[in-house]
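The values are calculated or read from the model by the stated rules, or taken from the named source; none is laboratory data. Just so we're clear, the structure is a prediction, and the values are computed from it rather than from any experiment. When we count neighbours, we look across all protein chains shown, and the Cβ atoms used for this are built from the backbone with ideal geometry, even at glycine.
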Amino acid sequence: MLARLVIVMSRSCLFCGRKQKLTREHVLPRWLTDVLPSDGDYEFSVDDENDGPLLAFNGKSFNFTARVACNDCNNGWMSALETAALPILSPMIQERPAELAAEDLETVVTWAVKTAIVFSQTGNQRDGISAEQGRWVYDHQTPPPNTMAWLGRYRGSTSPAHACKIQNRHLTLSRPSRPAELYSAYDWTASIGALLIKVLLTPPAFWEERMTTRPTTELPLLAAWPAPAEPLQWPPDMAFEEDGLRFLTWGAPNRNSLHND
């Protein structure tokens, strides 16, 4: 059942910034219906920390679109990115082991950042994304500076093989040297089949900061970006259950929120 979904009709392309006619970009790629099991309905939900549930839907496809990108972007580099990401993401979505080299991780995280930027335009809170972030992805086709990303495994209680769950969180950051200056960041968590992706997009004011510590966590997540020196082996031993996925965004999960093989 459709709850509510608010999508901004931007006048300029979210990525190249040009003011021209915008085309419909699929919020989730159409190829998901070829990767996820074909039996039964798909479960799709979007939750925002401030707006609450934006969408809850069960159906035969993920045919949701938003007018946020121009034709050149949609059918150019964005289409090429989807083509490159498909063979890398598919095994993990289907819970098959995968080894990801640095270039694979760059593709996966760039895809996740692009998708997160599109999702950032749902709901009423959109201050976590700036025009510079979309422009960086357009210019470089890499994650913006100081982006952090993690990969995990999801085994929810409600047919996870058929499910796509998106959770948005808008954060406020400050620098130790200037604590009074506050900046908006965007935390995007998605489970797609068995794959869990978490991306933290930092504001442009943080792009020049030297961040020498790799992103680490005590949770069963694999640090995917900045890319590790050695190939990443997916999946991790433990998987997130339904409650664990929610707590991953809204707060620290307890041990009962995890599943161990």
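One line per residue, one yes/no per condition, for (1) touching a strand residue (DSSP E or B) at 6+ places or on another chain (Cβ under 9 Å); (2) aliphatic (A, V, I, L, M); (3) at pLDDT 95 or above; (4) in a helix (DSSP H, G or I):
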| position | (1), (2), (3), (4) |
| --- | --- |
| P91 | yes, no, yes, yes |
| E95 | yes, no, no, no |
| E103 | no, no, yes, yes |
| V108 | yes, yes, yes, yes |
| T115 | yes, no, no, yes |
| V118 | yes, yes, no, yes |
| R126 | yes, no, no, no |
Just a yes or no: is a residue in the stretch 38-52 surrounded by fewer than 17 Cβ atoms within 10 Å (Cβ to Cβ), within 17 Å of I117 (Cα to Cα) and at pLDDT 80 or above? no
